[in-house]
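Q: Below: one structure in structure tokens.
The values are calculated or read from the model by the stated rules, or taken from the named source; none is laboratory data. Keep in mind that what you see is a predicted model, and the values were worked out from it rather than measured. Backbone-built Cβ (ideal geometry, glycine too); neighbour counts: all protein chains shown. Please note that ligands, DNA and RNA were not included when accessible areas were found on the heavy atoms of the full protein model with its side chains. Shrake-Rupley method; radii C 1.70, N 1.55, O 1.52, S 1.80 Å.
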Amino acid sequence: MIWTMPLLPILISLLSITSTADARNHFPSSPGSFYTSILTNLLQSLRLTHCALSDTTSLPQSTLPTPSEGLSLKFITLGRGTQNYTCATNANTSAPEAAGATATLFDISCLAALDAGANTDEFHSSDQSLLHAVPDMLKPIPLGSTDFLATLVNRFTGQNLAIGKHYFTNEGVPFFDLRGFSPDDWIAAKKDSEADAPAKPGYGITGDAAWLKLKGVEGGIREVYRVHTAGGDPPATCEGMSEVFTVDYSAEYWLYG
Ligand SMILES: *[C@@H]1O[C@H](CO)[C@@H](O)[C@H](O)[C@H]1NC(C)=O
Ligand SMILES: *[C@@H]1O[C@H](CO)[C@@H](O)[C@H](O)[C@H]1NC(C)=O
């Protein structure tokens, strides 16, 4: 039940909002505590989606090329889904081949805004550590449960956290669909460059998928970055694997247009 730990307090707080105005008093407030800061922000603003992205919100540093000139950040989303693979044999002499991915895209702009706000004093850098903790936190939560929680949040707050879909077309083209926003908010992309996911202290070999920059082939969104990946990499060989298999992952997707 470890997966309920991060999200349950958030969910309970959301449910309380609807029934009592001073729900905040029911929660301990140790300053600086991870969950308390999330709760306080949620309870004060009640705003979970469509937060304005401030100037201090900048793409995590990596060896990937920076966004092209003239583009601006349109969405920060959390993708939760699977990376898919195929294996020609189940022997240790062949390696898994990538066969696309499927993920739901959740709006995390308000977490980015919260982080930017929390880090503007002289004691903190704006490193968005709260935001970047989310992919690791969400990866162990079963896929259906993340969608279910988003549905509950929608039911109780009227706000829609699930704002898009990432998948591959039949031609194997990576596609991001956020047309719920506006008709231009989509991209058919191709890989531009890739960087190994950085090691995480204390985790050993993580199996995190590479960080990527994708460029637009078509669509109103022009560039997409996949960063702060959690999971998604296949085993090194096909030994004992079935012909088709999936590996759970989550990652931040930053979309520019
Ligand atoms: C692959 O499997 C064979 C026999 O099953 C074994 O002899 C060999 O050492 C294995 N190679 C690796 C790299 O694990
Ligand atoms: C990946 O696998 C999942 C689960 O089997 C499936 O629903 C999805 O359609 C697959 N996506 C791609 C791009 O093959």
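Q: For segment 139-257, with every protein chain kept in place, what is the accessible area per residue (1.4 Å probe, Å²)?
A: Here the per-residue accessible area is 50 Å².
Q: Taking the Cβ of Gln128 as the centre, find all other residues whose Cβ is under 11 Å away and add up their charges (Lys, Arg: +1; Asp, Glu: -1).
A: Residues close to Gln128 contribute a combined charge of -3.
Q: Something else: Segment 174-257: which chymotrypsin sites (Phe, Trp or Tyr not before Pro) are DSSP loop and have at most 13 other beta-carbon atoms within 10 angstrom?
A: Counting only loop positions with at most 13 other Cβ atoms within 10 Å, the chymotrypsin sites (Phe, Trp or Tyr not before Pro) in segment 174-257 are Tyr203.
Q: Treat each spin label as a single point 7 Å out from the Cα along the C-beta direction, and report the Asn90 to Asn160 distance in nm.
A: 4.2 nm
Q: Charges only on Cβ, +1 for Lys and Arg, -1 for Asp and Glu: so what's the dipole of segment 152-206 about the Cα centre, in debye to the nearest 20?
A: 280 debye
Q: Find the eigenvalues of the gyration tensor of the Cα atoms of segment 176-257, then list the square roots of 5 times those eigenvalues as equivalent ellipsoid semi-axes, largest first, in whole angstrom.
A: Whole-Å semi-axes of the equivalent ellipsoid: 28, 16, 11.
Q: Let me ask another. Can you list which of the GluC sites (Glu not before Pro) found in segment 133-228 are DSSP loop residues with at most 15 other C-beta atoms within 10 Å?
A: Here the GluC sites (Glu not before Pro) that fit, given the DSSP loop and packing criteria, are Glu171.
Q: Summarise the accessible area of segment 204-250 (1.4 Å probe, protein heavy atoms) by the percent that is carbon and sulfur.
A: Carbon and sulfur: 52 percent of the exposed surface of segment 204-250.
Q: Taking the highest mean first, how do the peptides 102-112, 140-150 order by number of other beta carbon atoms within 10 angstrom per residue?
A: 102-112, 140-150
Q: Rounded to the nearest whole Å², what accessible area per residue is found for segment 50-102 with the 1.4 Å probe?
A: Using a 1.4 Å probe on heavy atoms only, each residue of segment 50-102 averages 55 Å².
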